[in-house]
Amino acid sequence: MSKKIVLAGIFHETNTFLKNETPLAEFEKFTGDQLLAFQGDRASISGFLEVAQHQDWEIIPTVMLRSRPSGMVADEVVEDFWKEFTERVGDRLVDEVDAVFLVLHGAMVSSSYDDVEGEMLKRVRELAKRPIPVFGVLDLHVNYTPVMAEYSNCLYAYHENPHTDAFEAAAASTELLVSAFKTGIWPVTSQRHSRHLFAATLSGTADEPMKSLEACARRIEEIEEAIWVVNIMAGFPNADMPETGLTFSIVAKEGSSEAVERAFDELQKTLIQVRKKPNEAYPIDVAIDEILKKGRYPAILVEPADNIGGGTPGDNTEILKALVASSIQSAGVILADAEAVEILKEKEIGSVTNLSIGGKSGELGSEPITLDLELVSVSDGHFTLEDPHSHLASMAGLVIEMGPTVVVRHKGILIMLTTVATPPFDLGQWRSQGIDPAMFQAINVKSAVAYRQAYKKISDDHYYIKTIGPCSDDLDTLPYTKLTRPIWPLDELETV
Ligand SMILES: [Zn+2]
């Protein structure tokens, strides 16, 4: 008889330090068969579907809610997900369904729940009235909790940041579900918090500390027979909850706690050897001087404090101001400013408007700048990813909507104004507007790590720039109240 697998997803990275709440209206909602239409995409849900299609499974698609990173999620989102889920599964979870597969981010916080995913996992088991098998996939920036471990069998986190492997991670988790059905061996998950907290700029897997930790994880998976999966979860520092930070989880055969504890010890030992604090970022003027001196173009002005992939508004103008005042001949800047787009898109191409742009969100560090702007182009802001392995595919699929978009020019600076803040993870964002980003001397990129997959193709010269914003690398500036202390590097650890 074919196995019945319930499929659902809830995906959001919540920056709890932002002012604005994220309502249900901000989420894309897919229900029933719409979930099956993801097949062929590169998002994580497609990884599940790819493996599932070769099994004798009946998929019961329920609901998926997803939105790009932003502020605290309204409780209505959680309850809407749960209502759809229960309506579409009903009592079948009690005696009919064989397993549940969940597509999760893992760092979602709502007004009432610090750990939305943990709450959902708990409700699934309660609704089933039995320890129904739960498998799924997580983003590498999950703030993993003991509740998530207790109420699931196998949640598999991405190995890569930039997240080029969302599809593969979901497929791997699904393969493990296939083998659990075959062998009848159902794994359990253990977790250990590392008591370390890393800025987003340190969560790239090509660099330390993630590089050595991922290598150590793969080694353990290979050596220890009882261990199925070792997850290194960097955590998302911009969410204030007790479990924020870097956590390890291990999916293993029941009764293998000795091997699991040994593995946790080895991971922790590795972490102590390779941990580091963020490099000192450049003041923008110093970076511009150095770029002009070196003469290697384009140089990337990376701005982690306004990291759109971390939920920021993408409207900080500090770098644009410095570029305007500098002797840089050509530069590219993308700002999210729906109001300015509304005004400019009605103007004649080639006309010049004096307008205040950017800095309208009211978030930390946001201040507008007023410039004479020549209108270059107007578009619907719709583009297809050039790189289907782009980090953006993991969160939004292959077709990206920036909303109505205009490109304006001030001296040699091209400024793209988008309606929706769009993480700069694919060069199609520029080329769709008829602009070759390789021709600039400098490009302002509002990201921490995930931009690299795209921008390394056109530049080796990347400068981390110090600006003020809600995703600053300087974790000492974040007003944590719920975070469990002590945690390194905010505190010294006595025992590690
Ligand atoms: Zn992530």
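In segment 454-476, what count of residues is obtained for those that are surrounded by fewer than 21 Cβ atoms within 10 Å (Cβ to Cβ) and either among the polar types (S, T, N, Q) or closer than 25 Å to Glu367 by Cα (or both)? Qualifying residue count, segment 454-476: 9.
Here's the yes/no breakdown for (1) within 22 Å of Gly310 (Cα to Cα); (2) assigned by TED's automatic domain parsing to the domain that holds Met72; (3) within 16 Å of the ligand (Cβ to nearest atom); (4) in contact with a His (Cβ under 9 Å, 6 or more places away or on another chain):
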| site | (1), (2), (3), (4) |
| --- | --- |
| Leu176 | no, yes, no, no |
| Gln191 | no, yes, no, no |
| Ala217 | no, yes, no, yes |
| Glu225 | no, yes, no, no |
| Thr247 | yes, yes, yes, yes |
| Ser256 | no, yes, no, no |
| Val260 | no, yes, no, no |
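Scanning segment 243-264 for residues that are hydroxyl-bearing (Ser, Thr, Tyr) and surrounded by 24 or more Cβ atoms within 10 Å (Cβ to Cβ) turns up Thr244, Thr247, Ser249.
For segment 352-383, which residues satisfy the criterion of being touching an Asp or Glu at 6+ places or on another chain (Cβ under 7 Å) and surrounded by fewer than 18 Cβ atoms within 10 Å (Cβ to Cβ)? Matches in segment 352-383: Val352, Asn354, His382. In segment 24-38, the condition of being in a loop (DSSP other than H, G, I, E, B) and more than 16 Å from the chain's Cα centre (by Cα) is met by no residue. When you check Ser110 against the structure, is it more than 16 Å from the ligand (Cβ to nearest atom), buried (at least 19 other Cβ atoms within 10 Å of the Cβ) and within 19 Å of the chain's Cα centre (by Cα), yes or no? Yes, satisfied. When only residues in segment 390-420 that are within 16 Å of the ligand (Cβ to nearest atom) and within 18 Å of Val302 (Cα to Cα) count, which is surrounded by the fewest Cβ atoms within 10 Å (Cβ to Cβ)? Taking the candidates together, the pick is Ser390.
When we screen Glu318, Glu280, Glu363 for residues that are at pLDDT 95 or above, on the phi < 0 side of the Ramachandran plot and more than 16 Å from the ligand (Cβ to nearest atom), the only hit is Glu318. Selection within segment 113-141: residues that are assigned to a helix (DSSP H, G or I) and among the small types (Gly, Ala, Ser). The member of this set that is farthest from the ligand (Cβ to nearest atom) is Ala128.
The set of residues in segment 427-443 being surrounded by 24 or more Cβ atoms within 10 Å (Cβ to Cβ) and under 10 Å from Tyr455 (Cβ atoms) consists of Ile443 alone. Evaluate segment 94-112: report whether one residue or more is among the small types (Gly, Ala, Ser) and part of a helix (DSSP H, G or I). Among the residues of segment 94-112, not one is among the small types (Gly, Ala, Ser) and part of a helix (DSSP H, G or I), which makes the answer no. State whether the residues of segment 142-149 include one that is within 16 Å of the ligand (Cβ to nearest atom) and either surrounded by fewer than 20 Cβ atoms within 10 Å (Cβ to Cβ) or free of Cβ contacts under 8 Å to residues at least 40 places away in the same chain (or both). Looking through segment 142-149, none of the residues is within 16 Å of the ligand (Cβ to nearest atom) and either surrounded by fewer than 20 Cβ atoms within 10 Å (Cβ to Cβ) or free of Cβ contacts under 8 Å to residues at least 40 places away in the same chain (or both).
Evaluate segment 298-313: report whether one residue or more is among the β-branched types (Val, Ile, Thr), closer than 23 Å to Asn279 by Cα and in a loop (DSSP other than H, G, I, E, B).
Yes, segment 298-313 has at least one match.
Quick one: is Val103 within 16 Å of the ligand (Cβ to nearest atom), over 24 Å from Pro61 (Cβ atoms) and either touching a residue at least 60 places away in the same chain (Cβ under 8 Å) or surrounded by fewer than 24 Cβ atoms within 10 Å (Cβ to Cβ) (or both)? Answer is no for this residue. Here is the figure for segment 1-44: residues that are touching a Phe, Trp or Tyr at 6+ places or on another chain (Cβ under 7 Å) and exposed (fewer than 15 other Cβ atoms within 10 Å of the Cβ) total 1.
The values are calculated or read from the model by the stated rules, or taken from the named source; none is laboratory data. Only a predicted model underlies this, so the values are computations on that prediction, with no experimental measurement involved. Cβ sites come from the backbone with ideal geometry, for glycine too, and all protein chains shown count toward neighbours.
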